[in-house]
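Enquirer: The structure under discussion is supplied below as structure tokens; questions concerning it will follow.
The values are calculated or read from the model by the stated rules, or taken from the named source; none is laboratory data. Not measured: the values here are computed from a predicted model. As a convention, Cβ positions derive from the backbone with ideal geometry for all residues, glycine included, and neighbour counts pool all protein chains shown.
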């Protein structure tokens, strides 16, 4: 499996974002181990202007399919901007909870 960096642009209203937030979060959580990380892209004022996700998928077409099924995309809150191959070279070391 390969990793893909998925970027979305925010095109919806705050109201639409709030109306579909539960479905959006449930969808992303439902991706399980396929989703490595996800979160909003913020402007200097801390306002969401998009979203970034790193997914694991068989190929770019499968990653795009997962990306476009997000309820924020189908509801017009986010627009898919790009899906690019991504190689994870380094991760943060695990921290001890002692």
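Enquirer: Condition first: surrounded by fewer than 12 Cβ atoms within 10 Å (Cβ to Cβ) and within 13 Å of the chain's Cα centre (by Cα). Can you find one or more residues in segment 37-53 that meet it?
Expert: Among the residues of segment 37-53, at least one is surrounded by fewer than 12 Cβ atoms within 10 Å (Cβ to Cβ) and within 13 Å of the chain's Cα centre (by Cα), which makes the answer yes.
Enquirer: Can you name the residue in segment 1-28 that is exposed (fewer than 13 other Cβ atoms within 10 Å of the Cβ) and modelled with pLDDT of 95 or more and is also farthest from residue 88 (Cα to Cα) among such residues?
Expert: 22
Enquirer: Still on this structure, I have one more. Specify the residue that is farthest from the chain's Cα centre (by Cα); the eligible residues are those in segment 1-22 that are under 13 Å from residue 76 (Cβ atoms) and not in a helix (DSSP H, G or I).
Expert: Top of the filtered list is 13.
Enquirer: Could you look through segment 27-58, keep only residues that are free of Cβ contacts under 8 Å to residues at least 24 places away in the same chain and part of a helix (DSSP H, G or I), and pick out the one that is nearest to residue 1 (Cα to Cα)?
Expert: The residue in question is 33.
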